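Novice: My questions all concern the structure below.
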Amino acid sequence: MKSGKQMIKDTVCFPTIMDTGSILVLSVLGGGFALGVWFILIRRDAALEVRQGMVADGLRAPVQGSSFSSARSEFERKLMMIESERRRRNLSGGVSVSLIPQEQQPVEPVQEEPLWEEPPAEEEPEEEHEETEEEMLERRRQRDEEWARREEEEERRRLEEEEAAMAEQQERLKKEQEEQAEKDRLEAEKAAEEARLAAERDAAAQAERDAEEAARQAELAAAEEQRLAEIRAAQEKDALERRQAASRALEELRARLEREGARSSDVQVSLMWNNYNDLDLHVVCPSGERIHGGNRKSACGGHLDVDANVRPDSRKPIENVVWPEGEAPAGAYQVFVHYYKKHKKRRSKDPTKFQVIANAYGDLMEYTGELTFGEEIQLVCTFNVPTMEEREQIKRDLEEQIRRSESGEVSAAQILADEATPKQVEFGDLVDEIESELGDEPEDDGSGVPPAPDLD
């Protein structure tokens, strides 16, 4: 037995080789089908169906879109096919089916009937007006003009819409630009105002700082001026006190120099003290040579002419270094005092106070100090000796001061107080005049030698 699957295959599939009867049956059926199709096409109701499905009205309906080129081309192609088919049928004697109405009229809707109903009775086809070639061309021309007009209107409308949109956009941009410009202007004005206020605040702060700095500088200047004035006053006071002390010591100095047979000159250094101890005077010349008890004469002309208390001989000793008049070399001199030996004598106590009087060619200065036996040598002072030209100028200035003092233009006290005025070229007339005006008479201690001030 054959299976179900094989039976179905044998039933459905066509035989590989068809016989003549089968071919005849198929031909009859195909011819009947073609006849049925032709009959449907030539029926009157077929024309209606064609107008409803392939009606030119629907084909002529404008296609909404940006362009009509494709729709127009497709419509013309279909229209040419229909016109060709209509002319072919007219020539063959068939019934003409007008697919393009003469006038644009609304088509009444046709009620659909069930397919199973009997078709309506055939009516004699009405004769249709055959359209000439000129009418078809005129109709096509009108159609083309209508399409062109619609395209123009559509294009114009589109352009108007674009122009309106562009104008609206431009207006919006213009408004935004104006708003932005106004905003920028307000911000610029605000920034300028803030900058102006900041500049005013900075200027006010700077002016305040400048005023404070000016006040501070004025205070500093005033304080500095006061300090300098105090320094100058102290220096002047110290110099005046030294010169006054030197003036008061001149008589004591003269007495001791005369007692020892010592000399005086324009450059001279003298050492005085008031006990029996042995102090030594050391003077270093500008050449570096040292004058002292072991080298009493120097190559530059300096001479230690008095060396006191090598033995405890005097309670009021003196040592003196002097240069010949006008022969002391110009330059810097250093004066030292050395405590050489302590003698066991009454009133030879320590520390031993001493007094140094230096005459630096016109400037007489007095220095004091004290030493204890065993201490190192002590630097007392330094002074400068001017050149010969400077000495001549100092001498002329001194003579002018003497003249003014004698004429009464200035007092001796003013001469002593003037730092720039040479006070003495040698122990002579000016010092005597100053001492007479000051009226300072040293007290006599009964020894025949005026005492030195403030050494005990």
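Novice: Quick check on GLU208: is it in contact (Cβ under 8 Å) with a residue 60 or more places away in the chain, acidic (Asp, Glu) and over 30 Å from ASP313 (Cα atoms)?
Specialist: Answer is no for this residue.
Novice: For SER348, which of the numbered conditions (1) assigned to a loop (DSSP other than H, G, I, E, B); (2) surrounded by fewer than 17 Cβ atoms within 10 Å (Cβ to Cβ); (3) modelled with pLDDT under 85 fails to hold?
Specialist: Just one mismatch for SER348, condition (2).
Novice: Please find, among GLU126, GLU112, GLU108, the residue that is assigned by TED's automatic domain parsing to the domain that holds ILE42, modelled with pLDDT under 80 and either in contact with a Lys or Arg (Cβ under 8 Å, 6 or more places away or on another chain) or part of a loop (DSSP other than H, G, I, E, B) (or both).
Specialist: Only one candidate qualifies: GLU126.
Novice: Now a separate question. Going residue by residue through segment 222-235, is there one that turns out to be modelled with pLDDT under 90, of a type outside the set (Gly, Ala, Ser) and within 24 Å of GLN378 (Cβ to Cβ)?
Specialist: Scanning segment 222-235 turns up at least one residue that is modelled with pLDDT under 90, of a type outside the set (Gly, Ala, Ser) and within 24 Å of GLN378 (Cβ to Cβ).
Novice: A further question follows. Can ARG141 be described as out of contact with any strand residue (DSSP E or B) (no Cβ under 8 Å at 6 or more places or on another chain), assigned to a helix (DSSP H, G or I) and at pLDDT below 90?
Specialist: Yes; evaluated as a whole, the condition is true for this residue.
Novice: Which one of these is surrounded by fewer than 11 Cβ atoms within 10 Å (Cβ to Cβ), within 26 Å of ASP363 (Cβ to Cβ), within 55 Å of the chain's Cα centre (by Cα) and not assigned by TED's automatic domain parsing to the domain that holds PRO324: ALA233, ALA215?
Specialist: It is ALA233.
Novice: Turning to a different aspect of this structure: Quick check, is GLY326 at positive phi, in contact (Cβ under 8 Å) with a residue 60 or more places away in the chain and in a loop (DSSP other than H, G, I, E, B)?
Specialist: Yes: the conditions hold for GLY326.
Novice: Can you spot a residue in segment 297-307 that is under 21 Å from GLU376 (Cα atoms), at pLDDT below 90 and part of a loop (DSSP other than H, G, I, E, B)?
Specialist: Yes; the residues of segment 297-307 include at least one that is under 21 Å from GLU376 (Cα atoms), at pLDDT below 90 and part of a loop (DSSP other than H, G, I, E, B).
Novice: Looking for something farther than 20 Å from LEU364 by Cβ, outside any helix (DSSP H, G or I) and either charged (D, E, K, R) or without any contact (Cβ under 8 Å) to a residue 40 or more places away in the chain (or both) - is there at least one such residue anywhere in segment 265-285?
Specialist: Scanning segment 265-285, I find at least one residue that is farther than 20 Å from LEU364 by Cβ, outside any helix (DSSP H, G or I) and either charged (D, E, K, R) or without any contact (Cβ under 8 Å) to a residue 40 or more places away in the chain (or both), so the answer is yes.
Novice: Sticking with this structure for a sec: With respect to GLU370, is the statement that it is surrounded by 13 or more Cβ atoms within 10 Å (Cβ to Cβ), out of contact with any Ser or Thr (no Cβ under 7 Å at 6 or more places or on another chain), in the same structural domain as VAL269 (by TED's automatic domain parsing) and modelled with pLDDT of 55 or more true?
Specialist: Numbers: surrounded by 13 or more Cβ atoms within 10 Å (Cβ to Cβ): yes; out of contact with any Ser or Thr (no Cβ under 7 Å at 6 or more places or on another chain): no; in the same structural domain as VAL269 (by TED's automatic domain parsing): yes; modelled with pLDDT of 55 or more: yes.
No.
The values are calculated or read from the model by the stated rules, or taken from the named source; none is laboratory data. Predicted, not measured: the structure shown is a model, and the values here were computed from it. Reconstructed Cβ throughout: ideal geometry from the backbone, glycine too, with neighbour counts over all protein chains shown.
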